[in-house]
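Student: Below you'll find the structure I mean.
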Amino acid sequence: MRNSTLFFYCLSVEVLVLSLLLAHASVREGAAQDSLGEKSALVKRLGLTDLCLFTEARYTRHLSQADLNTPFQDHPLSLEHFPSGSFTQPPTVLTQQP
Amino acid sequence: MNAWIEKQRYIIDFTLSSLLRRKVKNIGLLALYTLIVFILASTMFFTYSIKKEASLILKGSPEIVVQKILAGRHDLFPVGYIDTIRQIRGVAGVESRLWGYYYDSLVGANYTLLTPPKEERTDRSQPKTATVASEDADTGATGPAKPLFELNGAKLEPGTLIIGNGIARVRNITQGDYMPFRAFDGTVMNLRIAGTLSSRSELVSSDLMLITEADFRKLFGIDTQHVTDVIVTVKNPREVATVAGKIKKRLIDLRPIIRDEILRTYDSIFNWRGGMMIVVFSAAVLAFVIFAWDKASGLSAGERREIGILKAVGWETSDVILMKFWEGAIVSLSAFFMGVILAYVHVFFTGSLVFEPALKGWSSLYPNFDLTPFINAEQLTTLFFLTVVPYTVATIVPIWRAATIDPDTAMRHTGE
């Protein structure tokens, strides 16, 4: 078999696998609508404001409710030290100039 | 047309043979390239999906949350302020919230304690979208979806708790078990687990504990004249920002947080072009660029001689460039597809295994959740232009110089 034929076979397989994964994404997205609706309903009924992603500190647990001085909340020289604090960015409202 | 295709195929045949002659170097390049695409694609898939999921879930969050600020920090909210807010034109309702954190030294985890809104326990006529089941709820009314609350015949009452699935997992407790809490005055409160929240809702409720108002106040010693914050509903949704401004103007020690700000928070924090990811990624990209540039521009003596021989046997400069174009395209297309496929599997099948340590951080309690794969053409196009195009161009430009050299000079190892 020619090298070019083999290459195009490999490329076709990769394209096919990627297409299948995209189809999988589409199916999963459709199937997740019920679950997303339920989570949204829970948020609405309980008045929740944040996702439960980082539970290591109160200002990472409720990112949208955190104090404006979050990185320095323990004392003026207390820089942010939690790993999730470096993984996320500050809300745009804090970085925009008035 | 057939002749053109055949010519391309012959050039690809030759290019692949040429690549396979330098197996180790080219397989190393392909592996590194795939790794770069994998990291970038994983970051994009993860951040986009979580942002999309956050926007869909949090669209039901309160229109305005109002906090009291004291010395720049969140403070308890005096109940007396509620009437003042209620009198503001445009305000439809004000509801107090009681919530806080409890550190469990046994497992080193922080829990979020929350008293559910009053209708949560009394109003049985919820809309269909609120799929909360109790012992006498008609499950048929909520459709085939599994209810989020698993009360199993018990409802929230003084002395009981409803806990998130993450807490049940970390503490290995379930309905009917008792959980001890040390109150503000040192006394121990034993609360019975009345039920658990569904595992499907872990992304919002993993560390949540629903507790009655009386128990909450007893646990934290908060008097009835204070609450944690309040939720304000507005008659006209277009006036939310105006009402928030009026609240701030009327009571200057308050901080209103509107729903748009909550949604924007989640839209901005997981920006793949920012945060720690860009630091990690830029270092990797820089290493790759140096590697690719070195490979493309610093032709080895063997490669230089190969070009010389090709030109001597009749190849045009354009043929040599075409060959190098295919070399770049073969490597970059293979790496692109493999990287994207691996990234998809990584994020949506293995639960972002590589990112997990960074996401968990120092948390003892981390939610188990499956991200919904939200993939669109824009993400794949961006990835393609960020990875395939730069490499292909980076290999073409330096080759131009090499392809135009004299064959005799190239074969004599001179002209370096």
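The values are calculated or read from the model by the stated rules, or taken from the named source; none is laboratory data. Treat the numbers as computed from the prediction; the structure is a model and nothing was measured. Here the Cβ positions follow ideal geometry from the backbone for every residue, glycine too, while neighbour counts run over all protein chains shown. Remember, those area values only see protein heavy atoms, side chains included, never the ligands or the DNA or RNA. Shrake-Rupley method; radii C 1.70, N 1.55, O 1.52, S 1.80 Å.
Student: Let me confirm one metric for peptide A:1-7, namely the mean number of other chain beta-carbon atoms within 10 Å of its residues' beta-carbons. Could the numbers behind the result be given before it?
Tutor: On the way: counts 0, 5, 10, 13, 3, 2, 9.
Partner Cβ neighbours, averaged per residue: 6.
Student: Let me ask something else. Could you work out the mean count of beta carbons from other protein chains within 10 Å of each residue's beta carbon in B:68-80?
Tutor: Mean number of neighbouring Cβ atoms from other chains: 2.
Student: Taking a quarter of the surface of the Cα convex hull of chain B, what do you get in nm²?
Tutor: If you wrap the Cα atoms of chain B in a convex hull and average its projections, you get 29.5 nm².
Student: Charges only on Cβ, +1 for Lys and Arg, -1 for Asp and Glu: so what's the dipole of chain B about the Cα centre, in debye to the nearest 20?
Tutor: Details: 45 positive and 41 negative charges, 128 e Å.
Magnitude of the dipole: close to 620 debye.
Student: Cα to Cα, under 24 Å, and not fewer than 8 places away if on the same chain: which lysines meet these conditions relative to B:K51?
Tutor: Within reach: A:K39, A:K44, B:K59, B:K360.
Student: Then there's this: Highest mean first, what order results for A:38-47, B:200-209, B:28-37 on Cβ atoms within 10 Å?
Tutor: B:200-209, A:38-47, B:28-37
Student: Per residue, what accessible area does chain B have, given a 1.4 Å probe and all protein chains present, in Å²?
Tutor: Here the residues of chain B average 47 Å² of exposed surface.
Student: Checking an interface number: how much accessible area is buried between A and B, summed over both chains, with a 1.4 Å probe, in Å² rounded to 100?
Tutor: Interface area, both chains combined: 7300 Å², rounded to the nearest 100.
Student: Could you order peptides B:403-410, A:22-29 by the average number of other Cβ atoms within 10 Å of their residues, highest first?
Tutor: B:403-410, A:22-29
Student: Could you check which residue among B:I290, B:I399, B:I375 shows the biggest mean-square fluctuation in a GNM of chain B with a 10 Å Cα cutoff?
Tutor: In this elastic network of chain B, the residue with the biggest mean-square fluctuation among B:I290, B:I399, B:I375 is B:I290.
Student: If you build a Gaussian network model of chain B, linking Cα atoms that sit under 10 Å apart, which residue out of B:V313, B:V393, B:V347 swings the most?
Tutor: B:V313
Student: For helix B:2-21, what angle does its Cα long axis make with the longest principal axis of chain B, in degrees from 0 to 90 and rounded to 10?
Tutor: With rounding to tens, the tilt is 80 degrees.
Student: I would also like to ask the following. Most mobile of B:R304, B:R217, B:R238 per a Gaussian network model of chain B (Cα springs, under 10 Å)?
Tutor: Maximum fluctuation in the GNM of chain B, among the listed residues, is at B:R238.
Student: Something else: Order B:382-390, B:218-226 from most to least packed using the mean count of other Cβ atoms within 10 Å.
Tutor: My ranking of the peptides, most packed first, is B:382-390, B:218-226.
Student: Can you give the FRET efficiency for B:Y103 and B:T233, using 1/(1 + (r/R0)^6), R0 = 30 Å, r = Cβ-Cβ distance, to the nearest 0.05?
Tutor: For R0 = 30 Å, the calculated efficiency reads 0.40.
Student: Still on this structure: Tell me the mean residue ellipticity at 222 nm calculated for chain B from its helices only (DSSP H runs of n ≥ 4, each -39500 (n - 2.57), averaged over every residue, nearest 500).
Tutor: Values: 15 runs with 212 residues, N = 416.
Taking each H run of at least 4 residues, the total per residue is -16500 deg cm²/dmol.
Student: Hey, got the average number of other protein chain Cβ atoms within 10 angstrom for residues in B:6-18?
Tutor: Per residue, the number of nearby Cβ atoms from other chains is 3 on average.
Student: Moving on. How large a share of the accessible area of chain B, in percent, is made up of carbon and sulfur atoms when the probe is 1.4 Å and the other protein chains stay in place?
Tutor: On the way: 11500 of 19400 Å².
So the carbon and sulfur contribution to the accessible surface is 59 percent.
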